[in-house]
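Inspection log for the structure reproduced underneath, given as structure tokens.
Read-outs: derived from the displayed coordinates by stated rules, not from any lab. As the structure is a prediction and not an experimental result, all values here were calculated from the model. Neighbour counts run over all protein chains shown; Cβ positions are idealised from the backbone, glycine included.
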Amino acid sequence: MDIFAAIADPTRRNMLAMLAGGERTAGDFVSAFPNMSQPSVSQHLKVLRKAKLVEVRAQAQRRVYALRPQALQEVDRWIAQYRRFWPQAFEALRRQLDHSV
């Protein structure tokens with residue numbers, strides 16, 4: 001599974017954000033997304049597992065998910081090539097805001 005396809009979905013990005021705060025159970029995700037069915041939540045978690053963005057372990061009857069931050073290095077490397085444009089964009093925004101006031 002392509003990591004960029006996995007993070008393209010806003011629900012999966014929200015799941016990753018939840019995991020940035022620490023491990024979560026599958027039930028935590030089901031509770032966090034009340035408008036989604038449990039099978040839909042499971043499918044999103046499966047995509048994240050296949051992309052190697054998360055790892056899962058069994059804890060009694062529960063499944064506990066954890067973020068694999070090293071997997072995000074691929075995304076960081078891709079974004080790095082565009083970071084050089086950010087200072088210019090921020091400076092242009094600052095000039096625009098200064099001019100608008």
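Across the range 49-101, what is the number of residues that are among the acidic types (D, E), surrounded by 13 or more Cβ atoms within 10 Å (Cβ to Cβ) and closer than 17 Å to D2 by Cβ?
Number satisfying all stated conditions: 1.
For a quick check of your reading: which helices (runs of 4 or more DSSP H) sit entirely within the range 1-88 and have at least 2 residues that are free of Cβ contacts under 8 Å to residues at least 40 places away in the same chain?
Once the helices (runs of 4 or more DSSP H) in the range 1-88 are filtered for at least 2 residues that are free of Cβ contacts under 8 Å to residues at least 40 places away in the same chain, what remains is 10-20, 26-32, 38-50, 73-80.
Could you tell me whether any residue of the range 25-48 is touching an Asp or Glu at 6+ places or on another chain (Cβ under 8 Å) and surrounded by 11 or more Cβ atoms within 10 Å (Cβ to Cβ)?
Within the range 25-48, one or more residues are touching an Asp or Glu at 6+ places or on another chain (Cβ under 8 Å) and surrounded by 11 or more Cβ atoms within 10 Å (Cβ to Cβ).
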